[in-house]
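Engineer: I'd like to ask some things about the structure below.
The values are calculated or read from the model by the stated rules, or taken from the named source; none is laboratory data. Quick caveat: nothing in here was measured; it's all calculated off a predicted structure. In this analysis, Cβ positions are derived from the backbone assuming ideal geometry, glycine residues included, and neighbour counts consider all displayed protein chains.
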Amino acid sequence: MNATPAPLHDIVPPIPFFPYPIWVVILAALLFLGFLALLLWVVRFFLFRKRKILPPEKALTALSVLRNRMGTISPHDFGVEVSTILRCYVQEEHSLSATTQTSLEFLESIRNNAVFSIEEKAMLGKFLETVDLLKFARATVGAEESASLLKQAEKLVRTREKKQSSV
């Protein structure tokens with residue numbers, strides 16, 4: 001007896017099978033990208049944000065650095081730097097054009113301004129007069145006078161800082 005072989009069927013290609021609908025995949029990808037963007041924003045915001053340095057803090061730091069360099073720079077350079085520090089502070093803190101005016105113009109502009117008290121105006125006048133002598137007349141001062149100028153500048157900044165914090 002001759003057995004007839006079973007008929008051979010063609011091999012069927014694999015049936016494509018993906019367990020999730022395409023809209024679920026797209027939604028999951030968008031959620032993942034949104035979470036990643038939020039995570040990057042939080043890291044950038046909290047780790048890499050710069051703390052804003054307030055004008056009084058900036059001025060006091062610069063005056064401290066200048067105090068450490070006081071013995072190594074000329075009286076002229078010292079006068080220029082201490083004047084610049086105080087003028088920049090006044091300009092940043094009170095929006096006055098202290099860096100672009102001469103000492104006389106600046107003192108005249110604050111004469112009727114209520115930002116500074118009478119004592120502060122007098123202190124500023126004396127300070128600017130002494131600094132101008134150093135800057136323009138190339139006057140020489142000793143370490144005591146330089147230290148006194150630094151103390152005056154620091155006192156003015158600290159007085160203004162106290163007034164600002166009490167307001």
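Engineer: Can you tell me which of (1) closer than 23 Å to THR159 by Cβ; (2) touching a residue at least 60 places away in the same chain (Cβ under 8 Å) is the one LEU96 doesn't meet?
Structural biologist: (2)
Engineer: Of the conditions (1) at pLDDT 90 or above; (2) part of a loop (DSSP other than H, G, I, E, B), LEU30 clears all except one; give me its number.
Structural biologist: The failed condition is (2).
Engineer: Here's something else I'd like to know. From the residues in the stretch 98-123 that are surrounded by 18 or more Cβ atoms within 10 Å (Cβ to Cβ) and touching a Lys or Arg at 6+ places or on another chain (Cβ under 7 Å), which one is farthest from LEU66 (Cα to Cα)?
Structural biologist: Selected residue: ILE110.
Engineer: Same structure again: Identify, by number, the condition in (1) surrounded by 10 or more Cβ atoms within 10 Å (Cβ to Cβ); (2) free of Cβ contacts under 8 Å to residues at least 40 places away in the same chain; (3) under 36 Å from the mean Cα position of the chain (by Cα) that ARG49 doesn't meet.
Structural biologist: With respect to (1) surrounded by 10 or more Cβ atoms within 10 Å (Cβ to Cβ); (2) free of Cβ contacts under 8 Å to residues at least 40 places away in the same chain; (3) under 36 Å from the mean Cα position of the chain (by Cα), ARG49 is out only on (1).
Engineer: Here is a further query. So which residues in the stretch 131-157 are among the small types (Gly, Ala, Ser) and surrounded by fewer than 18 Cβ atoms within 10 Å (Cβ to Cβ), if there are any at all?
Structural biologist: Within the stretch 131-157, ALA137, ALA139, GLY142, ALA143, ALA147, SER148 meet the criteria.
Engineer: Then there's this: Would you check if SER95 is at positive phi and exposed (fewer than 13 other Cβ atoms within 10 Å of the Cβ)?
Structural biologist: Criteria met by SER95.
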